[in-house]
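Right, one structure below, let's go through it.
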Amino acid sequence: MEHKIEDLAMKGLFLLKECEKPFLKEWSHLKKDMKAWQNELVSEFESMIVYGFNNLSQNTFESSNDFIHLLVLRWQKRHPEFVDDFDSIFLISAVENLFHKVLKRENAGFLEHQAVQVFLQKFSTRSCTRSSWNTRMTNG
């Protein structure tokens, strides 16, 4: 079962890579709306996009955990201070929502939407609690 989940997560990661340009375009529209919030969370979200998903298509990964590990390391380098779990969940959910919008425009099917959801859920599960990042990343 774990192998099938990983296959679906890898399909989700592949779709994220394939949709990078339309995603970044959608992100730029959302960013303009978010700037009006004048909230610290906007800069957190910006760094997540810049350090996580920008140039995603230029990298290859053997497993979804490889990408998750890279993203967490980038996030830790950019934000050595603690980021609240609820903020992290909000950010990851917003990223997922943007990708679903892009997939819908691309006429993607249920499996494609499910793959993105599985990947981002796996990412969320492995990355939300900063105090356990090292444990999660070393235990896979």
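Summary of computed values
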quantity: Test: residue in the stretch 94-106 that is assigned to a helix (DSSP H, G or I), over 18 Å from residue 21 (Cα atoms) and either over 14 Å from the mean Cα position of the chain (by Cα) or modelled with pLDDT under 90 (or both); calculated: no
quantity: Filtered residues of the stretch 107-139 (kept if part of a helix (DSSP H, G or I), at pLDDT 90 or above and more than 21 Å from residue 45 (Cα to Cα)); calculated: 110, 111, 112, 113, 114, 115
quantity: Qualifying residue in the stretch 62-79 (condition: hydrophobic (A, V, I, L, M, F, W, C), outside any helix (DSSP H, G or I) and at pLDDT 70 or above); calculated: no
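The values are calculated or read from the model by the stated rules, or taken from the named source; none is laboratory data. Remember, it's a predicted structure, so these values are computed and weren't measured experimentally.
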